[in-house]
Amino acid sequence: MLTNESVKVRSLGEPRFPSPLKLSTTPGDDVADFVPEGAGILYDIETGPGRPLAEPVVFERAGPRQKLFFDPAQVRAAIVTCGGLCPGLNNVIRSVCVQMWYLYGVKEVLGIRNGYLGLNPASGLEPLLLTPDFVDRIHKAGGTVLGSSRGPQDPAVSVDYLSQLGINILFCVGGDGTQRGALAISEEARKRGMALAVVGIPKTIDNDIPYVSRTFGYTTAIDKAREVLDCAHNEAKGAPNGISIVKLMGRDSGFIAAGATLASQEANFCLIPELPFRLDGNDGFLAALKRRIERRGHAVIVVAEGAGQDLLASEPRERDASGNVKHADIGLFLRDRVVAFFRSLDMQANVKYFDPSYIIRSVPANCEDALLCDHLARHAVHAAMAGKTEVMVGVWNSRFIHLPIPLIATGRKKINLESELWASVLVATGQPARFGV
Ligand code: F6P
């Protein structure tokens, strides 16, 4: 259960240095204000029947502090991007570098190459020196100029290397695996009495980080997925009994599939990891698809990669370098089952299969994600300079907050089947609420 104790943010020590930012402490003077320690954002803003007012859980509000833990002249920072690609990585790198240089006057910002691998000197991957000139145009491109990788490194080796480089602030951009790695590095540094601020920035197109309303990359992913669904719809309508199946990313959570379904309004079925479903039987998925084809002559199916895994072979699954279970391919499985099903009925079906996964996540950020990346990067820089550590910046109830990494590294955000989001998907698709389960 979330408690005020569990949302408490760790700090390296008493902030003593005055911030160089020309901000105010007086509301109403038309100058943006410092955020005082103790400023908070409510976890739950809802009230009403069935929701008695209890002691509120309050997240720490992010933002510029009047006093800093670090003397900017003594700071050497580094940034690392880990895990799969995600639209906006270069925006974050750019904004962190620019904020460090121009807001705080920190001119030593290193880019660690190829994820945590670059924190192991045995990799031979020398860090890059990031300057405003170097990062000037990088946000126009997808991918990450630093490169990325999956998997942890020995935290003792990473901390040795960080101290050899003289790094006292480390920004870790990534999902839950990356944040677990960040925590291990921070714990190792703490054990050694090293004042290292470790600040996470939440990245994943899957939008599955708990206590974060939206991770960067998610809306770009929906934008791109919507284009595919629109094409899939054209294909389905362009042939008698046309059936388009679109597989989208979403390892454990169906946010991309649900978001794209709503944005395009062209999907007739949306299958996500949170919704168990059966294929066979009168209330199964295939029978529902047949009824749809008989009624309308075409259908578009969106399936998230983590959906229906229980329907596939049950032998123990491999894990990727980040420790995630590698899913079997539900998209191809579904395609084959749909083809076989209509063949068994001797009924025509023109099945088209789309898998745009890597196209969706390797593009540059859209406007909304570009804005989010800039805000997250700026708040991460403020947090680090104030000496916050083992902390991730996030957005919650439309405000930027600090979250202790241990809190978010343990679970995943999932679609609640009773939520407005899922209710809207059911309306937009017209699919039954359940397929036999
Ligand atoms: O970033 C998360 C994600 O998009 C998942 O949905 C997907 O399972 C994973 O990345 C795939 O990444 P890769 O193929 O690089 O391991």
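The values are calculated or read from the model by the stated rules, or taken from the named source; none is laboratory data. Here the structure is a predicted model, which is why all the values come from computation and not from measurement. Reconstructed Cβ throughout: ideal geometry from the backbone, glycine too, with neighbour counts over all protein chains shown.
Tell me which residues, restricted to the range 6-31, are among the polar types (S, T, N, Q) and outside any loop (DSSP other than H, G, I, E, B).
SER11, SER24
Considering only residues of the range 58-69 that are in a loop (DSSP other than H, G, I, E, B) and buried (at least 21 other Cβ atoms within 10 Å of the Cβ), which is nearest to the chain's Cα centre (by Cα)?
In this case the residue turns out to be ALA62.
Cβ-Cβ distance below 7 Å, separation of 6 or more or different chains: which pairs start in the range 5-20 with a residue that is at positive phi and end on one that is assigned to a loop (DSSP other than H, G, I, E, B) and surrounded by 12 or more Cβ atoms within 10 Å (Cβ to Cβ)?
GLY13/PHE69; GLY13/GLY387
Does the range 153-195 hold any residues that are part of a loop (DSSP other than H, G, I, E, B), in contact (Cβ under 8 Å) with a residue 60 or more places away in the chain and of a type outside the set (S, T, N, Q), and which are they?
GLY166, ILE167, GLY175, ALA195
Please work out if ALA287 is away from the ligand (no atom under 16 Å from the Cβ), among the aliphatic types (A, V, I, L, M) and either outside any loop (DSSP other than H, G, I, E, B) or not assigned by TED's automatic domain parsing to the domain that holds THR144 (or both).
So ALA287 fits the description; yes.
Might you let me know whether the range 249-268 holds any residue that is among the basic types (Lys, Arg) and modelled with pLDDT of 95 or more?
No, that holds for no residue.
Considering only residues that are closer than 28 Å to CYS231 by Cα, part of a loop (DSSP other than H, G, I, E, B) and small (Gly, Ala, Ser), look in the range 290-342 and name the one that is farthest from the ligand (Cβ to nearest atom).
Looking at the filtered set, the residue picked out is GLY297.
Exactly one of these conditions fails for THR220: (1) within 16 Å of the ligand (Cβ to nearest atom); (2) of a type in the set (S, T, N, Q); (3) touching a Leu at 6+ places or on another chain (Cβ under 9 Å). Give me its number.
With (1) within 16 Å of the ligand (Cβ to nearest atom); (2) of a type in the set (S, T, N, Q); (3) touching a Leu at 6+ places or on another chain (Cβ under 9 Å) applied to THR220, the lone miss is (3).
Quick one: which residue in ALA321, ALA409 is buried (at least 20 other Cβ atoms within 10 Å of the Cβ), at pLDDT below 95 and farther than 19 Å from SER95 by Cα?
ALA409
A quick yes/no check of all residues on (1) modelled with pLDDT of 95 or more; (2) buried (at least 22 other Cβ atoms within 10 Å of the Cβ); (3) within 29 Å of GLN164 (Cβ to Cβ):
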{"position": "VAL31", "(1), (2), (3)": "yes, no, no"}
{"position": "PRO36", "(1), (2), (3)": "yes, no, no"}
{"position": "GLU46", "(1), (2), (3)": "no, no, no"}
{"position": "ARG51", "(1), (2), (3)": "no, no, no"}
{"position": "ASP71", "(1), (2), (3)": "yes, no, yes"}
{"position": "CYS86", "(1), (2), (3)": "yes, yes, no"}
{"position": "GLN99", "(1), (2), (3)": "yes, no, yes"}
{"position": "LEU103", "(1), (2), (3)": "yes, no, yes"}
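Across the range 105-116, what is the total count of residues that are under 10 Å from GLY147 (Cα atoms) and either hydroxyl-bearing (Ser, Thr, Tyr) or crowded, with 22+ Cβ neighbours inside 10 Å (or both)?
Matching residues across the range 105-116 total 4.
For the range 243-277: of the residues being of a type in the set (A, V, I, L, M), within 13 Å of the ligand (Cβ to nearest atom) and in a loop (DSSP other than H, G, I, E, B), which is farthest from the chain's Cα centre (by Cα)?
Step by step, filter the range 243-277, then rank; the result is ILE272.
Taking ASP346 as the residue in question, decide whether it is out of contact with any Phe, Trp or Tyr (no Cβ under 7 Å at 6 or more places or on another chain) and at positive phi.
It is true that ASP346 is out of contact with any Phe, Trp or Tyr (no Cβ under 7 Å at 6 or more places or on another chain) and at positive phi.
Which residue is nearest to HIS379 (Cα to Cα), if the candidates are limited to the range 190-214 and must be away from the ligand (no atom under 15 Å from the Cβ) and of a type in the set (Lys, Arg)?
Only one residue fits best here, namely ARG190.
Which one of the conditions (1) under 13 Å from GLY63 (Cβ atoms); (2) surrounded by 11 or more Cβ atoms within 10 Å (Cβ to Cβ) does VAL7 fail to meet, given that it meets all the rest?
(1)
Within 21 Å of GLY181 (Cα to Cα), outside the structural domain of VAL96 (by TED's automatic domain parsing) and modelled with pLDDT of 95 or more: is that true of LYS388 in this structure?
No.
So which residues in the range 327-353 are hydroxyl-bearing (Ser, Thr, Tyr) and surrounded by fewer than 16 Cβ atoms within 10 Å (Cβ to Cβ)?
SER344
Of the residues VAL198, VAL212, which single one is within 30 Å of ASN366 (Cα to Cα) and either of a type in the set (Gly, Ala, Ser) or in a loop (DSSP other than H, G, I, E, B) (or both)?
VAL212
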